[in-house]
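In what follows, a structure is listed as structure tokens, so that the remarks can point back to it.
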Amino acid sequence: MIPSSIEWLNNNQGVLSVILFIITIGLGWASGIFRTLRQKPKMKISLLPGPTFCCTYLIGEKHGKYDVHRTGIALYLHIANIGSAPSSIERVSIGYHWNITPFSIQWLKYRIGWFWLHDQTAALMDFQAKIGENLKIYPFLTQKSILSGESAETFLEVGRSTNGAVYFEQSDSWGACFPVVTDNKVKLQVRVTDVFSNKHQATFEVPAVSFEEARKYNPSFGKTLADLHGKPLPVDILPAAESYCHEAANPRI
């Protein structure tokens, strides 16, 4: 058996060389494919101290028997690429649970599942905080700064990070279409979509604040949709003491 095998190998060295060459090429190609598949961006999302909060406020209109309200959300995000390939941040979305009673029609969809805000709102002013006699300006993540015209870097090489504020104003809503507040906190899911359509998610609890508190970080908080619709908010017409926050919104339905 062994002598015949040796004789066959000696007589077919050319064929054997071709076979070994094909196997080598195949293994090299497969390993290259696997290496490419392993090279993916991975975005780690965290929150930084600063303009991170949620606020629901009335807008002075009615939808049937219900007061119309809007929800504004600001987050100061830190995003790091801890994967194995570079990528750009394409979109940031935010999900929350509706403040809806159990077993109603939309309960499974929006109380167990998430209601998503996919489109950021253009803030009319920079987010800011007064520190002593100085004013700290927080960078936007995707929007350009009103003051400097700059925005954060959204193309992230492996091992690089960026930070910036994102801002959302939910369109006119009523009833229970506002976030659940538990111990003055709102649970949010943050989803970052990169340029390759990979989705990176993290869940946080952020403070639920009054309208006055929200405007300490941005005097134009809640004004973008109001200005677009040409209908000022009650807080911009009435004295500040008569402004609204999430406690004034409708009871759950």
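The values are calculated or read from the model by the stated rules, or taken from the named source; none is laboratory data. Predicted model, so just to flag it, every value in this text is computed and none were measured. Quick reminder, even Gly has a Cβ in these numbers, built from the backbone with ideal geometry, and neighbours come from all protein chains shown. These area figures cover heavy atoms from the full protein model, side chains too; ligands, DNA and RNA do not enter into them. Shrake-Rupley method; radii C 1.70, N 1.55, O 1.52, S 1.80 Å.
Applying a threshold of 6 Å to beta carbon distances and a minimum spacing of six or more residues, or different chains, the list of pairs starting in the range 146-157 at a residue that is farther than 15 Å from V92 by Cβ and ending at one that is of a type in the set (A, V, I, L, M) and open to solvent by less than 90 Å² (accessible area, probe 1.4 Å) reads I146/M125. When you look at S148, is it open to solvent by 20 Å² or more (accessible area, probe 1.4 Å), within 25 Å of A80 (Cβ to Cβ), of a type outside the set (A, V, I, L, M, F, W, C) and at pLDDT below 95, yes or no? When the stated conditions are applied, S148 passes them. Consider L124 carefully, then state whether it is at pLDDT 90 or above and either at positive phi or open to solvent by 40 Å² or more (accessible area, probe 1.4 Å) (or both). Considered against the rule, which asks whether it is at pLDDT 90 or above and either at positive phi or open to solvent by 40 Å² or more (accessible area, probe 1.4 Å) (or both), L124 comes out as yes.
For the range 195-222, a residue qualifies if it is of a type in the set (F, W, Y) and under 19 Å from the mean Cα position of the chain (by Cα), and the qualifying residues are F196, F204, F221.
Working only within the range 211-224, note down all residues that are open to solvent by less than 40 Å² (accessible area, probe 1.4 Å), in contact with a Phe, Trp or Tyr (Cβ under 9 Å, 6 or more places away or on another chain) and either of a type outside the set (S, T, N, Q) or closer than 22 Å to L135 by Cα (or both). Talk me through it step by step, then tell me what you get.
Taking the range 211-224 as the starting set, the residues that turn out to be open to solvent by less than 40 Å² (accessible area, probe 1.4 Å) are 211, 214, 218, 220-222, 224.
Add one more test, that the residue is in contact with a Phe, Trp or Tyr (Cβ under 9 Å, 6 or more places away or on another chain), and what stays is 211, 214, 218, 221-222, 224.
Passing the criteria: F211, A214, N218, F221, G222.
For the range 205-240, the candidate set comprises residues that are part of a helix (DSSP H, G or I) and touching a helix residue (DSSP H, G or I) at 6+ places or on another chain (Cβ under 9 Å); within that set, the residue that is modelled with the lowest pLDDT is A240.
For every residue, the table says whether it meets (1) of a type in the set (S, T, Y); (2) modelled with pLDDT under 85; (3) over 16 Å from the mean Cα position of the chain (by Cα).
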| residue | (1), (2), (3) |
| --- | --- |
| N81 | no, no, no |
| S84 | yes, no, yes |
| R91 | no, no, no |
| L135 | no, no, yes |
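H69 satisfies every condition listed in (1) open to solvent by 20 Å² or more (accessible area, probe 1.4 Å); (2) over 25 Å from T193 (Cα atoms) except (1). Within the range 99-114, restricting attention to residues that are among the hydrophobic types (A, V, I, L, M, F, W, C) and either at pLDDT 95 or above or part of a loop (DSSP other than H, G, I, E, B) (or both), the residue that is nearest to A202 (Cα to Cα) is W114. The set of residues in the range 127-136 that are closer than 20 Å to L75 by Cβ and surrounded by fewer than 16 Cβ atoms within 10 Å (Cβ to Cβ) comprises A129, K136.
Within the range 177-194, is there a residue that is in contact (Cβ under 8 Å) with a residue 60 or more places away in the chain, more than 21 Å from the chain's Cα centre (by Cα), part of a loop (DSSP other than H, G, I, E, B) and closer than 29 Å to K109 by Cβ? Break it down stepwise before answering.
Within the range 177-194, the subset in contact (Cβ under 8 Å) with a residue 60 or more places away in the chain is 177-181, 186-194.
Retained after the next criterion (residues that are more than 21 Å from the chain's Cα centre (by Cα)): none.
Scanning the range 177-194 turns up no residue that is in contact (Cβ under 8 Å) with a residue 60 or more places away in the chain, more than 21 Å from the chain's Cα centre (by Cα), part of a loop (DSSP other than H, G, I, E, B) and closer than 29 Å to K109 by Cβ.
Regarding the range 183-198, can at least one residue be identified that is modelled with pLDDT of 95 or more, open to solvent by less than 80 Å² (accessible area, probe 1.4 Å), touching a His at 6+ places or on another chain (Cβ under 6 Å) and within 27 Å of Q128 (Cβ to Cβ)? Yes; the residues of the range 183-198 include at least one that is modelled with pLDDT of 95 or more, open to solvent by less than 80 Å² (accessible area, probe 1.4 Å), touching a His at 6+ places or on another chain (Cβ under 6 Å) and within 27 Å of Q128 (Cβ to Cβ). When the residues of the range 137-163 are narrowed to those that are among the hydroxyl-bearing types (S, T, Y) and more than 21 Å from Q201 (Cα to Cα), which ends up farthest from the chain's Cα centre (by Cα)? Top of the filtered list is S148.
Of Q201, Q143, which residue is part of a loop (DSSP other than H, G, I, E, B) and either open to solvent by 40 Å² or more (accessible area, probe 1.4 Å) or modelled with pLDDT under 95 (or both)? I'd like the intermediate steps shown before the answer.
Values: Q201 fails: part of a loop (DSSP other than H, G, I, E, B).
Result: Q143 is the single residue among Q201, Q143 that is part of a loop (DSSP other than H, G, I, E, B) and either open to solvent by 40 Å² or more (accessible area, probe 1.4 Å) or modelled with pLDDT under 95 (or both).
Considering only the range 41-51, state which residues are over 12 Å from the mean Cα position of the chain (by Cα) and open to solvent by less than 40 Å² (accessible area, probe 1.4 Å). If the condition is that a residue be over 12 Å from the mean Cα position of the chain (by Cα) and open to solvent by less than 40 Å² (accessible area, probe 1.4 Å), then P41, G50, P51 are the ones that fit.
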